[in-house]
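Just below is one structure, and these are the notes that go with it.
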Amino acid sequence: MKSVILLAACATACATDNAESPTAPYYTTFPCTLAAAHLACDLGFTDPDGDFTRIQFDIVEGIGTEYEFPPRELPDLAGMTEGALHFELDLAPQPTSDLYVSVYMFDATGHWSWVHSPVIHVP
C-alpha cells in the first residue's frame, strides 16, 4: 500500500512565544475526494502555540474494512500557527462502499484533536 503526504501551501508560518499554552491543533477545513482507490484531502488547520507535530488517519469503509496507516511526523510544521496540509492515500483494496475518514492531530506535548470528513461516496 502506497501513501503520500504532500505538505502543500503551508500558509502563514507564524511563530509563537506562548509555549505554555495547552492547546491542540484543530481543523478549519477538511474537503476530501475519491477517484478509484486514490483519496485526496486538504486539511486546513490552526494551532495557537505552533507545535503541531503528528497526524494519524483512520479510514473505514461502510462495510467494515479498515485501512491502516501509521502516524506521520510533521517536522516541517514547527512554529506554524496556521496552514494547510494536502495528503493523498492509495487505498487497497479499492473501496466499494462509502468511506468515513477521521484525522487525528497531535502536538508536541500530547494534546490532540480530531475531525471527521463528511461521508465520501464511492463513485
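None of the figures in this text is laboratory data; all of them are computed from the coordinates on show. Just so it is clear, the model here is predicted, and its values are computed rather than measured. Glycine gets a Cβ as well: all are built from the backbone with ideal geometry, and neighbour counts include every protein chain shown.
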Log10 I(q)/I(0) at q = 0.10, 0.19, 0.20 Å⁻¹ for the stretch 24-123, from Debye over equal alpha-carbon scatterers, is -0.27, -0.87, -0.94
Env charge @ Thr29, Cβ radius under 12 Å, K,R +1 / D,E -1, value -2
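Using a cut-off of 10 Å between beta-carbons, work out the net charge of the residues near Met80 (Lys and Arg +1, Asp and Glu -1, Met80 not included). Kindly include the intermediate steps, with their values, before the conclusion.
Numbers: positive: none; negative: Asp47, Asp51, Asp76, Glu82.
Overall, the nearby charge balance is -4.
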Descending packing, highest mean Cβ count within 10 Å first, for 64-70, 35-41, 23-29 is 23-29, 35-41, 64-70
